Amino acid sequence: MQVKIQPASAISGAIRLPGDKSISHRYAILASVAEGTSTLRNYSTGADPHSTLNCVETLGIGVERDGTEIKVHGKGLRGYTAPAKTLDVGNSGSTIRMMSGILAAQPFTSRLEGDSSIARRPMKRIITPLELMGAKIAAVDGTYPPIEIQGNADLQAIDYTLPVASAQVKSCVLFAGLYANGTTVTRESHKTRDHSEIALKEFGADIRPQGTTVSITSGAALTGRELLVPGDLSGAAFFLVAAILAKESNLVIYDVGVNPSRTALIDFLVGGGAQIKVLDVRSSGGELIGDLQVRASKFQGGVIEKGVTAALIDEIPVLAVLGAMSEEGLVVRDAGELRVKETDRIATVAENMRRMGIEIETSHDGLRVPGKQQFRAAEVDSFGDHRIAMAFAVASLFADGESTVNEAEAASVSFAEFYDTLERIRG
Ligand code: S3P
């Protein structure tokens, strides 16, 4: 699908966003191994969290979908049945990495595969700890999907220092830790998003996060819960950037997740001069939710590096767009992980930027975009990557004429209503 985008002078109004992708995955997975029914409200409409639901259904768990309200009929930690077919994770790295933690502890073998992008995502990072715990996992070249997990109902706890901090890998190990004999510990060089820790606690697990170390002891049963998924802050990022850049903007985004392990985005934007207010912060299911108000602002630009890079990794494509129109430009360092996301995002960002007449330099693990540049109308590609589709739809709002986003439907991996929402608030 091609989407044509005209320049915009304002991004204004009030919107709500689909449920957070990261949190939706975790709720679905934990609900599927909890005892009894969980009701998940504002579940993500994105294809990825629905891939997780499809997987738990293939494992014999009942799922009822009523729009964004999902009921998962969990049968307890040992309630899965051996899958009669391959588990299809679609485009979802979170699904394959996090489900693997649970599957490693099952008394059966599971095979997981996804689309052509998934076939290039490295899995060694989960295979190593899960094999240390006692599972056996086969993968293409030892790392690429499809993967086949020979589960072990007698997993052993490990104390594991992650070579690269990653919330997906941490979650995978902690989920396996629900089953492993003893106390499983994960250690990271910096704190990554902690939605799994919060959700595990909500469902009743014996989990103790302490800074960058998390311990989980098996033995506690999980219980079905009623939970509300906060709006997706990473989805909000596209509208925040659009509103900062469009001259007459004034936008409110209601009910967005503002968990401190995700709000590096807001800190970075505000630090560079963006006028963003976080209003009416409240708590639900252990997660923080707030309303964001954003107005057109002059954005200075800046440097993203070290731990901040990791905390902003999903937002870098749209921040690169912001950087090109900022006062001083944007430098991103320590971002080698961008090369193994849904696409090589250093390469796909650079390609689209150049098509739009933007100067950009790249290195093996970063990029530099000078500021005060003007986007030229062009035909850009999503390359099948949702965040690239949405970032360049935003860039197109500031071009000197109509632009086209090819394979624009990729956005629906995390944000099915993205273009409709954009249409509603553009001036
Ligand atoms: C995610 C963690 C991050 C992020 C991804 C979602 C999660 O990946 O980029 O989009 O939900 O845990 P890594 O764990 O690979 O850093």
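Residue selection: residue 219 fails the criterion of being more than 20 Å from residue 95 (Cα to Cα) and within 16 Å of the ligand (Cβ to nearest atom).
Among the listed residues 385, 400, 420, which satisfies the condition of being free of Cβ contacts under 8 Å to residues at least 40 places away in the same chain, in the same structural domain as residue 348 (by TED's automatic domain parsing) and either surrounded by 24 or more Cβ atoms within 10 Å (Cβ to Cβ) or of a type in the set (D, E, K, R) (or both)? Break it down into steps so the answer makes sense when it comes.
On the way: 385 fails: free of Cβ contacts under 8 Å to residues at least 40 places away in the same chain; 400 fails: free of Cβ contacts under 8 Å to residues at least 40 places away in the same chain.
The unique qualifying residue is 420.
Going by the conditions given, is residue 214 of a type in the set (A, V, I, L, M, F, W, C), buried (at least 19 other Cβ atoms within 10 Å of the Cβ) and either within 16 Å of the ligand (Cβ to nearest atom) or assigned to a loop (DSSP other than H, G, I, E, B) (or both)?
On the way: of a type in the set (A, V, I, L, M, F, W, C): yes; buried (at least 19 other Cβ atoms within 10 Å of the Cβ): yes; either within 16 Å of the ligand (Cβ to nearest atom) or assigned to a loop (DSSP other than H, G, I, E, B) (or both): yes.
Yes; evaluated as a whole, the condition is true for this residue.
As for the range 183-198, it holds at least one residue that is of a type outside the set (A, V, I, L, M), away from the ligand (no atom under 16 Å from the Cβ), in contact with a strand residue (DSSP E or B) (Cβ under 8 Å, 6 or more places away or on another chain) and closer than 23 Å to residue 112 by Cβ.
In the range 152-169, how many residues are within 12 Å of residue 104 (Cα to Cα) and assigned to a loop (DSSP other than H, G, I, E, B)? Spell out how you get there, then give the answer.
Going residue by residue through the range 152-169, those that are within 12 Å of residue 104 (Cα to Cα) are 152-156.
From what is left, the residues that are assigned to a loop (DSSP other than H, G, I, E, B) are 152-155.
Qualifying residue count, the range 152-169: 4.
Counting only strands (runs of 3 or more DSSP E) that sit completely within the range 341-427, those holding 1 or more residues that are farther than 21 Å from residue 310 by Cα and of a type outside the set (Phe, Trp, Tyr) correspond to 379-381, 403-406.
For the range 278-297, the candidate set comprises residues that are touching a helix residue (DSSP H, G or I) at 6+ places or on another chain (Cβ under 9 Å) and under 21 Å from residue 246 (Cβ atoms); within that set, the residue that is surrounded by the most Cβ atoms within 10 Å (Cβ to Cβ) is 294.
Name the residues in the range 313-340 that are in a loop (DSSP other than H, G, I, E, B) and either in contact with a Lys or Arg (Cβ under 6 Å, 6 or more places away or on another chain) or of a type in the set (Phe, Trp, Tyr) (or both), would you? If the condition is that a residue be in a loop (DSSP other than H, G, I, E, B) and either in contact with a Lys or Arg (Cβ under 6 Å, 6 or more places away or on another chain) or of a type in the set (Phe, Trp, Tyr) (or both), then 334 is the only one that fits.
Just name the residue that is surrounded by the fewest Cβ atoms within 10 Å (Cβ to Cβ) out of those in the range 33-67 that are part of a loop (DSSP other than H, G, I, E, B) and in contact (Cβ under 8 Å) with a residue 60 or more places away in the chain. Please lay out each step first, then the result.
Quick first cut of the range 33-67, residues part of a loop (DSSP other than H, G, I, E, B) only: 33-34, 42-46, 59-61, 67.
After this cut, where a residue has to be in contact (Cβ under 8 Å) with a residue 60 or more places away in the chain as well, the list is 33-34, 42-46.
Details: 33: 25, 34: 26, 42: 23, 43: 27, 44: 31, 45: 20, 46: 27.
This residue is 45.
The values are calculated or read from the model by the stated rules, or taken from the named source; none is laboratory data. Treat the numbers as computed from the prediction; the structure is a model and nothing was measured. Cβ: placed from backbone, ideal geometry, glycine included. Neighbour counts: every protein chain shown.
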